[in-house]
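The values are calculated or read from the model by the stated rules, or taken from the named source; none is laboratory data. These figures come from a predicted structure and were not determined experimentally. Cβ coordinates were reconstructed from backbone atoms using ideal geometry, including for glycine residues, and neighbour counts include every protein chain displayed.
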């Protein structure tokens, strides 16, 4: 695993952690957070497809955690 892949993975885990805290505090359900992150990824894709791929991956990871 490259350093960039490790960094993206660590940041993704942090995003999952933040999403969990927001749900716990009653700010935003995990599903809504993941959906909004996915929408944001589509906006970012217009100028930076690589970053959008990472954001989409994070959104998918959040939804995957929700099912466990």
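Would the stretch 47-54 turn up any residue that is in a helix (DSSP H, G or I), crowded, with 17+ Cβ neighbours inside 10 Å and at pLDDT below 95?
Filtering the stretch 47-54 down to residues in a helix (DSSP H, G or I) leaves 49-54.
Next, only the ones that are crowded, with 17+ Cβ neighbours inside 10 Å stay: 52, 54.
Right, trim to at pLDDT below 95 and you get 54.
Among the residues of the stretch 47-54, at least one is in a helix (DSSP H, G or I), crowded, with 17+ Cβ neighbours inside 10 Å and at pLDDT below 95, which makes the answer yes.
From the residues in the stretch 1-12 that are free of Cβ contacts under 8 Å to residues at least 12 places away in the same chain and surrounded by 11 or more Cβ atoms within 10 Å (Cβ to Cβ), which one is nearest to residue 60 (Cα to Cα)? I'd like the intermediate steps shown before the answer.
Filtering the stretch 1-12 down to residues free of Cβ contacts under 8 Å to residues at least 12 places away in the same chain leaves 1-7, 9-10.
In the following step, the residues that additionally are surrounded by 11 or more Cβ atoms within 10 Å (Cβ to Cβ) were identified as 7, 9.
Details: 7: 17, 9: 13 Å.
The selected residue is 9.
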List every residue pair whose Cβ atoms sit under 8 Å apart, with the two residues 6 or more apart in sequence or on different chains, where the first one lies in the stretch 40-56 and is free of Cβ contacts under 8 Å to residues at least 12 places away in the same chain and the second, anywhere, is assigned to a helix (DSSP H, G or I) and exposed (fewer than 13 other Cβ atoms within 10 Å of the Cβ).
52/42
